[in-house]
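Computed from the coordinates by the stated procedures, all read-outs in this text should not be read as laboratory data. If you're wondering where the values come from, they're calculated on a predicted model, not measured in any experiment. Ideal geometry is used to build each Cβ from the backbone, glycine not excepted, and the neighbour counts take in all protein chains shown.
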Amino acid sequence: MIELFFVTCLLADPDRCTDHSLLFEEQNGLFTCMLQSQSELAKWMATHPTEQVREWKCRYAGQGDRKA
């Protein structure tokens, strides 16, 4: 599986962040994830107006969390 991994932080408390993951079928590959990720993140942000996306990347699922 391909994973869109992203980190969001509260607008009111930017140091309070959470890791998130959306899965894509592996047959679509990393390239498809890169093409679709911005629209998927925009949909997510529309339903979570108190948070902002701090970072994101496409990767193979299960590669661990963000680096400290």
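For the reader, a short list of remarks on this structure follows.
- Among the residues making up the range 25-56, those that are part of a strand (DSSP E or B) and touching a Leu at 6+ places or on another chain (Cβ under 7 Å) are Glu51, Gln52, Val53, Trp56.
- Selection count, the range 4-21, where residues are aliphatic (A, V, I, L, M) and surrounded by fewer than 16 Cβ atoms within 10 Å (Cβ to Cβ): 3
- Looking across the range 21-41 at every residue that is closer than 16 Å to Val7 by Cβ and free of Cβ contacts under 8 Å to residues at least 24 places away in the same chain, the one that is farthest from the chain's Cα centre (by Cα) is identified as Gln38.
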